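Reviewing the structure listed below.
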Amino acid sequence: MGTRWIFGDQLGPHFTDDHDGPLLLVESRAVLRRRRFHRQKAHLVLSAMRHRARELGDRVTFVQAETYREALDRVEGPLEVLQPTSRAAVRFVEAVAEEREVVKLPARGYVTSREEFGRWVGGRGRLLMEDYYRDARRRTGILMDGDEPVGGRWNFDAVNREPPPRGSTTLGVPEPWWPEEDDVDEEVRRDLDAWQADGMRFHGDDGPRRFPATSREADTALDDFLENRLDAFGTYEDAVLAADPWMAHSLVSAPLNLGLLDPAVVVARAEEAWRADDLRLASVEGFVRQVLGWREYVWHLYWHLGEDYRTANKLNQRRSLPDWFADLDADAADAACLSHTLADLRAHGWVHHIPRLMILGSYALQRGWKPTEVTDWFHRAFVDGYDWVMVPNVIGMSQHADGGVLATKPYTSGGAYLDKMTDYCGGCRFDPRKRVGEDACPFTAGYWWFLDRQRERLGGNHRMRQALAGLDRLQDLDALVAQEDQRGSRAP
Ligand SMILES: Cc1cc2nc3c(=O)[nH]c(=O)nc-3n(C[C@H](O)[C@H](O)[C@H](O)COP(=O)(O)OP(=O)(O)OC[C@H]3O[C@@H](n4cnc5c(N)ncnc54)[C@H](O)[C@@H]3O)c2cc1C
Ligand code: SF4
């Protein structure tokens, strides 16, 4: 039997339980040297790998080396590999397979297989997440009553996604469970300090480690979410509160993407919690939709959309990311929403979906930043960022760089949406209703500036017709364009 080489995002027991032979796990320093990651992301990944190596004991050869090549040279005999999660890693495995025997096995860590997705695609035109999700519900039986969805409805969006509760600065649900750091974390911190002193570059604050590094910690975090926050998940899923960065979100993306949690187990446990505890169906469905719907859909699209998808730039956005944004310099911006979001990201390496999409991503889109640079930045800055999940989310969902394959219209808005869905605007020096002048909101002005630049490219999209008609009615468009041309990518 060959040595099964497990990657740093294949760390749960479901990647090794069926294999009695030896295991190989590689910690490559070159990966950290090549790009500037958030310090907490580097910490989490190293901590999780080292914890796994300790758990596996004699079963694993744990190699800490500069490169994968160096590590592979230390192991003899055939290798066995479960399909890695990035195109670059797949290419690397293929190159190794030209030199020695490598048994390639299908990917794990997703509820649906690539073959199932392929069959679903069939001769379909548009690949809608909603259709894929319903199909996955039928096939897995999750939240199903025979052939019908439990509760008689597939979708509870109409009752979810409320603005934040008025007059409250927090959602009032218990704060998430946090792991306690141990001697492995201490060692990781020492190593990162030493490498940093030696020239390796990071951004973001150091610790405390907030995300699980072992399957046991991940199970505890999941239990805590199911018990204390799942019931409130749906209602305020899209709302943002400055003083409550976590709200009722699950924080399971990092342990899921490290392979510490099995998504099939996560959705089954959510259903169990609903059946046992009479939780709100809208919340449970909303959560299952994220894991069984969005996560799986994005995973399959990463492969389905091909190699060139990552460099798509259909809106021809050419500006580089400015340093203040790239460095998470929250203090550089007066705009309360941007400054707060960058500060949260600097502090935790995580913000929830709406700040990612409607604040950070929307700002990048409005300012015309290069989609490849935006993808790379998101990948490095977020604890849960991996190539497969960042490429579709940033290129497709957030930057509309694919011309509308993944999202039918660009996700961007003026300040009015942010004023409704967040509590930032009250404390901001800008006014979300103003588009021109000293206190013009950079999102409101940025929205029209973006539409004006993209008028021709978006003209054929019927979902943009109303917005473009609004643009034509603006009396002060010339002044707005001059103002935003001047502001460009400077911190607002
Ligand atoms: C620009 C942008 C970048 C993103 N980058 C990542 C990323 O690098 N890694 C990542 O896991 N998610 C990413 N997402 C999706 C989503 O924002 C995060 O999964 C979520 O915020 C993580 O927090 P949570 O675990 O509390 O999620 P919850 O809100 O509790 O949702 C539950 C789970 O659903 C899954 N999920 C929901 N939406 C998506 C999605 N669009 N794509 C994939 N999984 C999804 C995640 O596994 C998540 O843990 C990105 C979204 C945007 C708009
Ligand atoms: S006014 Fe504009 S810049 Fe200020 S917080 Fe609101 S949306 Fe953000």
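The values are calculated or read from the model by the stated rules, or taken from the named source; none is laboratory data. In this text, all values refer to a predicted model and were calculated from it rather than measured experimentally. Cβ sites come from the backbone with ideal geometry, for glycine too, and all protein chains shown count toward neighbours.
Key figures for this structure:
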| quantity | calculated |
| --- | --- |
| Qualifying residues in region 376-411 (those that are charged (D, E, K, R) and touching a helix residue (DSSP H, G or I) at 6+ places or on another chain (Cβ under 6 Å)) - the one nearest to Asp9 (Cα to Cα) | Asp384 |
| Residue in region 230-242 that is within 8 Å of ligand 1 (Cβ to nearest atom) and part of a helix (DSSP H, G or I) present | no |
| Residue match in region 3-11 (condition: more than 25 Å from the chain's Cα centre (by Cα), of a type in the set (Lys, Arg), modelled with pLDDT of 95 or more and surrounded by 19 or more Cβ atoms within 10 Å (Cβ to Cβ)) | yes |
| Residue list for region 208-241, filter: surrounded by fewer than 18 Cβ atoms within 10 Å (Cβ to Cβ) and over 29 Å from Asp157 (Cβ atoms) | Pro208, Arg216, Asp219, Thr220 |
| Counted residues, region 78-96 - those being in a strand (DSSP E or B) and in contact with a helix residue (DSSP H, G or I) (Cβ under 8 Å, 6 or more places away or on another chain) | 3 |
| Residue among Val75, Val31 that is of a type outside the set (Gly, Ala, Ser) and assigned to a helix (DSSP H, G or I) | Val31 |
| Pairs where the first residue, in region 97-120, is over 25 Å from Leu256 (Cα atoms) and the second is in a helix (DSSP H, G or I) and hydrophobic (A, V, I, L, M, F, W, C), C-beta under 7 Å, 6+ apart | Val102/Val93; Val102/Val96 |
| Unique match (being more than 14 Å from ligand 1 (Cβ to nearest atom), under 24 Å from Asn461 (Cα atoms) and buried (at least 19 other Cβ atoms within 10 Å of the Cβ)) among Tyr363, Tyr297, Tyr309 | Tyr309 |
| In region 330-351, the residues that are surrounded by fewer than 22 Cβ atoms within 10 Å (Cβ to Cβ) and assigned to a helix (DSSP H, G or I) | Ala330, Asp331, Ala332, Ala336, Ser339, Ala343, Asp344, Arg346, Ala347, His348 |
| Candidates Phe450, Phe430 - the one that is within 9 Å of ligand 2 (Cβ to nearest atom) and either over 27 Å from Arg166 (Cβ atoms) or assigned by TED's automatic domain parsing to the domain that holds Arg318 (or both) | Phe430 |
| Given (1) surrounded by fewer than 19 Cβ atoms within 10 Å (Cβ to Cβ); (2) under 30 Å from Thr112 (Cα atoms); (3) in contact with a strand residue (DSSP E or B) (Cβ under 9 Å, 6 or more places away or on another chain); (4) of a type outside the set (Val, Ile, Thr), index of the condition Asp327 fails | (2) |
| Hits in region 353-374 - residues which are touching a Gly at 6+ places or on another chain (Cβ under 9 Å) and polar (S, T, N, Q) | Ser362, Gln366 |
| Unmet requirement for Tyr417, which otherwise passes all of (1) within 14 Å of ligand 2 (Cβ to nearest atom); (2) at pLDDT below 95 | (2) |
| Residue in region 277-296 that is assigned to a loop (DSSP other than H, G, I, E, B) and in contact (Cβ under 8 Å) with a residue 24 or more places away in the chain present | yes |
| Search result, residues across region 330-350 that are away from ligand 2 (no atom under 13 Å from the Cβ), among the aliphatic types (A, V, I, L, M) and under 15 Å from Gly361 (Cα atoms) | Leu345 |
| Filter result for the condition that a residue is assigned to a helix (DSSP H, G or I) and either small (Gly, Ala, Ser) or in the same structural domain as Asn155 (by TED's automatic domain parsing) (or both), over Pro245, Pro165, Pro255 | Pro255 |
| Test: residue in region 409-416 that is under 28 Å from Pro163 (Cβ atoms), away from ligand 1 (no atom under 12 Å from the Cβ) and not in a loop (DSSP other than H, G, I, E, B) | yes |
| Tally, over region 216-266, of residues that are more than 16 Å from ligand 2 (Cβ to nearest atom), touching a residue at least 60 places away in the same chain (Cβ under 8 Å) and among the β-branched types (Val, Ile, Thr) | 1 |
| Flag for Gly396 being among the small types (Gly, Ala, Ser) and at pLDDT below 95 | no |
| Which listed residue, of Ile354, Ile395, is part of a helix (DSSP H, G or I), closer than 18 Å to Asp423 by Cβ and among the aliphatic types (A, V, I, L, M) | Ile354 |
| Subset of region 242-267 that is in contact with an Asp or Glu (Cβ under 9 Å, 6 or more places away or on another chain) and among the small types (Gly, Ala, Ser) - its residue that is surrounded by the fewest Cβ atoms within 10 Å (Cβ to Cβ) | Ala243 |
| Per-region count, region 7-54, residues touching a strand residue (DSSP E or B) at 6+ places or on another chain (Cβ under 7 Å) and farther than 26 Å from Trp377 by Cα | 10 |
| Condition check for Thr408: polar (S, T, N, Q), away from ligand 2 (no atom under 16 Å from the Cβ) and modelled with pLDDT of 95 or more | no |
| Odd one out for Trp154 among (1) in the same structural domain as Tyr236 (by TED's automatic domain parsing); (2) modelled with pLDDT under 95; (3) touching a Lys or Arg at 6+ places or on another chain (Cβ under 8 Å) | (2) |
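For every residue, the table says whether it meets (1) surrounded by 12 or more Cβ atoms within 10 Å (Cβ to Cβ); (2) modelled with pLDDT of 95 or more.
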{"residue": "Thr67", "(1), (2)": "yes, no"}
{"residue": "Arg87", "(1), (2)": "yes, yes"}
{"residue": "Lys104", "(1), (2)": "yes, yes"}
{"residue": "Ala107", "(1), (2)": "yes, yes"}
{"residue": "Glu115", "(1), (2)": "no, no"}
